[in-house]
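The values are calculated or read from the model by the stated rules, or taken from the named source; none is laboratory data. Treat the numbers as computed from the prediction; the structure is a model and nothing was measured. Neighbour counts run over all protein chains shown; Cβ positions are idealised from the backbone, glycine included.
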Amino acid sequence: MLLFGAATEMAFRLKLLANIKYSSKGLLRLRPPIDTIIELRGECMKSVFDRKSAIKGLVISSVCGLLLGGCMHAPQTRSGQQEVAPGYSPYKVASPGPTYGVRIEDKEDAIPLEIQAAVEVAKISSKPVRVSDTVVPLRKGGHSRADIFYVTPYGEPLVKKWENYFLGRGKRHMDRYLDRLPRYEALMKGILKEEGVPEELIYIALIESGFNSVAKSHASAVGYWQFIQGTGKAYGLKQNWLVDERRDPIMSTRAAAGYFKALYQAFGSWHLAMSSYNAGEHRVLRAIMGNMTREFWELHEKKQLPRETRDYVPKFIAAAKIASNPRKYGFSHIEGQAPFSFEEIKTTKGISLSKFAKNTGVSVSEIKRLNPIFKTDYAPIYRGATTTIRVPVGKKNVALAALPSSYSTQKYVASNGRSYHRVRRGDNLSVIAKRYGTSVSTLKRLNGLSSRSIIRPGRKIKLPGSAVASKARSRKVRKTTAKLLSGKSYRVRSGDNLWTISKKFGVSVRNMKKWNNLYSSKIKVGQVLKVNKEGGSTRNPATYYVKRGDNLTTIARRHSVALSNLMRLNGLTRRSKIMVGKKLRIPR
């Protein structure tokens, strides 16, 4: 049977090659329609499994095994890059084929044709087609509720289990979700309808994040729709140190609609589209191909999908039933937040959100709630573009007048990335927070940690913006520098180690060990350490204010000092960011 299966596959691919169209330049241009692919697959299955044609099938299999390796791809250039005709995209549907209500023309909204073809091939089964296998076409601006909320007798207890959860142990979560729902319901449903996908998909955001813009999963998925970094970028959501558009209710909803549209185009079922949204389209495709069915509930019963994905659709249906009629399920006490409403202004310069809020007469929390994409106090401006700032309704004129006095001069010249700390042996959140002048709660929030989380050596811990950390460090340094630099010895305190002490005094760990006859880095609280060579003196370092275009290397060269000494004296690393106007101490 294995040989027959291989023969079927190779024969199918050979026939597929014969049906590929080429451009005038001889390059791979158009692949045959999906219905043609299905017809070719059927012919190959019949011919190979016919005993009289078995030998012929094996011969085809052998020939294809030698020739097919590079045939299915476009010719390669000498540089190894794939040469394709202008305008060709492997993600674009090149011919009409069967349509399930949505035509995909753009690369951003498409699923690779190979996945679409494989899903269509999976429809060929010896089993009779059930009513549930028939896809109800999606009308523009509408949808079939029967497809989204279709449940088999097998699935009814699973949905009921999640209903009981939301009415029992998870009721406090549902209370919170339903309270936030009115704030985003009209906005998100309007976008989903405009994009031609079911409005009921809004309840995906409910079970994914509870309509929390800063929600973050263990897989680093962020925002209302819980996009991971790669998928977010694929659908046009900008992510960097200062901005994360996955946290924006409008941008992320439009991206989610595009992703669901592409998944439905590929799989022809909203249940499978939701499963793919959770587990990935390739994971669902393998389950379809392995079981020759597109019925979600059958794949669930056979446990062909991950447990979280098997629970995903029943959980969605249960949440949608409750959220669409909360009074029926005993949630009549929910008042709901006010709808998300705002006015917009545009700025051509970066602004400080705290200054802007003060000048506008609006609280900082309200400005940040309307503009969740900004991760710091700084709203940046990018080359050749303007930045949109949302303000409460009725505040547009006041905000425009306050804009000039809210401009910020913060420029990150040393690095455009977030600062990190790599955990070392003996580190804990308290030590790290103290070292960088921040709080344990801030580190927990940035890294999605809880009180029970364990950090292991080698892990990278995200640090808050350099403006916050530098301000806290410089404030601490001002209080202690005069006292520390005037003496020759230092009494070890709780949380100290040789590295932190050497930073405070602008000396190296190696010299600290030498002056104190230490053979290891172990020190005890209360121990008195020499921080200066006997007979020597510690001179106060010079100061320098960072100018536009500066970085640590150029500053070190300008003052003829070692870069390592400059960084150590100022508590910086190679990834640290310095801003215009920052005060640096220059070793002498």
* P314 vs. criteria surrounded by fewer than 17 Cβ atoms within 10 Å (Cβ to Cβ), under 30 Å from R172 (Cβ atoms) and touching a residue at least 40 places away in the same chain (Cβ under 8 Å) -> no
* Could you tell me whether segment 218-237 includes any residue that is of a type in the set (D, E, K, R) and in contact (Cβ under 8 Å) with a residue 60 or more places away in the chain? => no
* Asked: Which ranges mark the helices (runs of 4 or more DSSP H) fully within segment 247-292 that have 2 or more residues being under 19 Å from the mean Cα position of the chain (by Cα), within 22 Å of N212 (Cα to Cα) and not polar (S, T, N, Q)?
  -> 249-267, 270-279
* **Whichever residue in segment 534-578 is under 24 Å from S494 (Cα atoms) and in a loop (DSSP other than H, G, I, E, B) and, among such residues, is modelled with the highest pLDDT** => L572
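A quick yes/no check of all residues on (1) among the charged types (D, E, K, R); (2) surrounded by fewer than 15 Cβ atoms within 10 Å (Cβ to Cβ); (3) assigned to a helix (DSSP H, G or I):
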position: F340; (1), (2), (3): no, no, no
position: I345; (1), (2), (3): no, no, no
position: K349; (1), (2), (3): yes, no, no
position: K358; (1), (2), (3): yes, no, yes
position: I381; (1), (2), (3): no, no, no
* Asked: Among all residue pairs at least 6 apart or on different chains, which show Cβ distances below 8 Å where the first residue, located in segment 500-524, is part of a loop (DSSP other than H, G, I, E, B) and the second is small (G, A, S)?
  -> S508/S502
* Could you grab me the full set of residues in segment 360-378 that are at pLDDT 90 or above and part of a strand (DSSP E or B)? => F374
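Residues checked against (1) of a type in the set (G, A, S); (2) out of contact with any strand residue (DSSP E or B) (no Cβ under 9 Å at 6 or more places or on another chain); (3) surrounded by 14 or more Cβ atoms within 10 Å (Cβ to Cβ):
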| position | (1), (2), (3) |
| --- | --- |
| Y545 | no, no, no |
| T553 | no, yes, no |
| R557 | no, yes, no |
| S560 | yes, yes, no |
| S564 | yes, yes, no |
| L569 | no, no, yes |
| R575 | no, no, yes |
| G581 | yes, no, no |
